[in-house]
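This report concerns only the one structure given below.
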Amino acid sequence: MLDMVKQWFWFDWIMLALRLITSVSFILTTISFQEGLTLPLWIVIFWEIAAFSIPWVCLLLNYKYYLFTEILLYGGLCIFLTSLFPDAYSTFIVSAFLIAANSNHLSYHWTAPATVLVMPGIFHAVSPSNSYWVIITYYGLAYVLGFAFHLLIVNHRQNETIRKQNAVLEQYMSQIERITLAEERSRLSRELHDTVGHAYTSIIMGMETLRPELANETGIQRLDSLLEMGRKSIEEVRGYLHQMESPQQSLSLVQSLQKLGDEFQEHAQVDVSFRVFGEEYQLSLQAKMAFIRCLQESLTNAVRHGQATEITVSLQFEQQYTRLEVHDNGRGTKEWREGFGMNAMKERAMNLQGQVSVYTNSGDGTLVACTLPRQAEMADGLIRLLIVDDQPFIRESLRTLLDRYQDLNVDGLAEDGEQAVDLCGRLQPHVVLMDLDMPGMSGAEATKMIKQQWPHIRVLILTTFQDSGQALDVLRNGADGFLLKSTETLELANTIRLIHRGGTLIDQGMSHKIFEKFDESIESPQPKAADDYDLTTREIEILQLVAKGLRYKTIASKLYLSDGTVRNYASSAYLKLGVRNKEEAVQKALEIGITIS
C-alpha cells in the first residue's frame, strides 16, 4: 500500500484531504449533538471512522469496491443521521462528488441514478421536511462537478503516459542512432581495411621486390618516390580509420551497459539497478553490440508494454559464456508475442551461436536472458595460421607470402599430419593450411582428427594435383576448403579470410571434376548404406529437417546455429551424398534410410 501512495498525483491528495476534512468535521458535529443520538456515541463514531477508512482502502485496490462501500457505509451513515437531524443530508454532497470522480467505464450507468435519484428519495422518505427536488439539485451539481474533476484526472494521466512514452521513445531512438552509427563505422572500417589498406600494402610490397631489378639511379629515384607516396597514402587511410572509431567502442562492455542504464533511468524515470558477476574479459565487437542492443530493447519493452517501475540488469562473465539478464517488475503477460525488436535480438544472438530467452507471466514481470558463448576478440584482427607441408621450401615460402598481410599471422609450421595435430592442440590456430600427400599421417587423416577434437578450427586443403577422389574424401572428413598450390597469393589470402569467417570454397577446376565424378556415379549407381557416406550427426540432423521442408533460416533458429553454419553443414552433406540441390539430397537420404518419408 505504501508503494501505491508513493505513486499518487496531486488530485489523489486533494480527494484524500477533502474526505479527511469532511470526516473530521462529521465526527466533531456528532459529538456536539450526541444527546439526540439513538445509539451510543462510541458506536456512531466507530461507524463514521469505518465509513471514512474502509472505502478509502478499497479505492487503493479497485474502484468498484470503493463505489459499493462508499454508498453502503457512508450513505447509510448519512441516512441514519438525517433521520435524527434533517439537515444532515448535506453531508452526502461531498460523497456524491467523490463517487463521480472515482467512477469509471460503465459504472456511471448505475452510480449516477443511485446518487442523484435514489439517495435523495431515501433522504426525503426518512425526513419529509426536506424537499426532494432541492436534494436532487444539490446532489446533481455535486455529481457533475465530480465528473468534470474525473475528466481532468483522465486528461492528466493520459498526458503523463504520453510524456513517459515520448521519453522512452526518444531514448530508444537515441540508442538506435548510436548503434547504427557504430555498426556503420565498424563496417566502413573493415571495408577500407580489407580493400584500400591491403591494396596499398600489396603495392608497396610489390615495388620493394622490384628494387634489385632497377639498374639506373633514375629508376631507383622513381621507385623511392612511388614508395613514399604509397606509405603516405596508407597512413592517411589509417588516420581515417582511427577517426571513424566511435567513442563508445573505447568503453568496456560493463561501462557501455552501465551508461545505457543510467541514461534510460534519467529519461524514462524508472529505477534501473546494474549488477556484474565474475571478472570482465574482452569480447568481440559483434558480441558487445548484441548485448547493448538486447539491453536497449529489453528496457524499452519493460516500460512501454510492461509499465515497469523497477528493472534489474545482471551481467555474468562465466568461463564458457557471457549472460545478460534483464528482469522487470511489470505486469507481464500470459501470451508472449515477439515483435520486430525481439526477432532482431534473437537473430543477432544466433549469428554469434548464442540465444535469447524470454520468461514472463501475468503479474510476475518479464525476464529477458541473452547468452553468448565466449568468443574473445582477436588482437588487432589477426587470423592465426598453421602451415602443414612436408616440403620445407613450400612451408617457408607460404610463410613469407602470407606474412605480408597485416591480418594474417603464421603461428606455426608442421611437416606432417601428426605434428599438425599436436600443434593444433597447443596453438589453437584459426585456420590450418593442410597438404595432403605427406609421409606418416596424411593430410586427410590429420584433417579428420583435427575436426573431431577441435571443430572450430578451420582447415583449408592446399595440394598440387587435382585428384577429385582424394578431394571428396578429405571434404567428407570435414575440410572447409580446397585450393591448388598454384593459386595466386592474393586469392589465397582472400580465401583464408573467407574460410575464417565461416565460408566454404573449392577450386573451380576441382569442383567441375567432383561433379563429373558424381555424374559418373549417377550413371552407374551402386547401393550404399548411410554409414558409407561418413555423415556426421549434425549433417544427418540437418538433412532430416531439410526433408521436412524447413528453410535454412528456420533450421538455424531451431538448432541455435547461424544461417551460414547451417548452409556449410548442408553443403558438406550434399558433397558427401553426391547431390547438387535440396531435392536430390532429400531423395538420396530417403534411399539410404536416414530420413522418414
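A few remarks follow.
- Spatially, the stretch 531-552 and the stretch 251-266 are offset by 43 Å when compared through their Cα centroids.
- Cross-link table Lys448/Lys558; Lys448/Lys576; Lys164/Lys334; Lys558/Lys588; Lys548/Lys588; Lys288/Lys346, entries beyond 18 Å C-alpha to C-alpha: Lys448/Lys558; Lys164/Lys334; Lys558/Lys588
- Couplings 3J(HN,Hα) of the stretch 59-72, computed from phi: 5, 5, 8, 7, 5, 5, 4, 5, 4, 5, 5, 5, 5, 6 Hz, in residue order, whole Hz [Karplus 6.51 cos²θ - 1.76 cosθ + 1.60, θ = phi - 60°; x for Gly and Pro].
- Values of log10 I(q)/I(0), in the order q = 0.10, 0.15, 0.23, 0.24 Å⁻¹, for the stretch 380-495 under a Debye, Cα-only, solvent-free model: -0.24, -0.57, -1.45, -1.58
- Entry note, the stretch 251-373: relative contact order of 24 percent, from Cα contacts under 8 Å with a spacing of 6+ residues.
- Mean separation of Cα contacts under 8 Å, 6 or more apart, over the residue count of the stretch 6-71: relative contact order %: 24
- Relative contact order %, the stretch 380-495, counting alpha carbon pairs below 8 Å whose residues are six or more apart: 23
- Between the stretch 294-355 and the stretch 29-53, the Cα center-to-center distance that results, in Å: 57
- Candidates per GluC sites (Glu not before Pro) in the stretch 253-356, loop by DSSP, up to 15 other Cβ within 10 Å: Glu279, Glu280, Glu318, Glu335, Glu338
Coordinate-derived values only; no laboratory data. Owing to the predicted nature of the structure, the values given are computational and were not obtained by experimental measurement. Backbone-built Cβ (ideal geometry, glycine too); neighbour counts: all protein chains shown.
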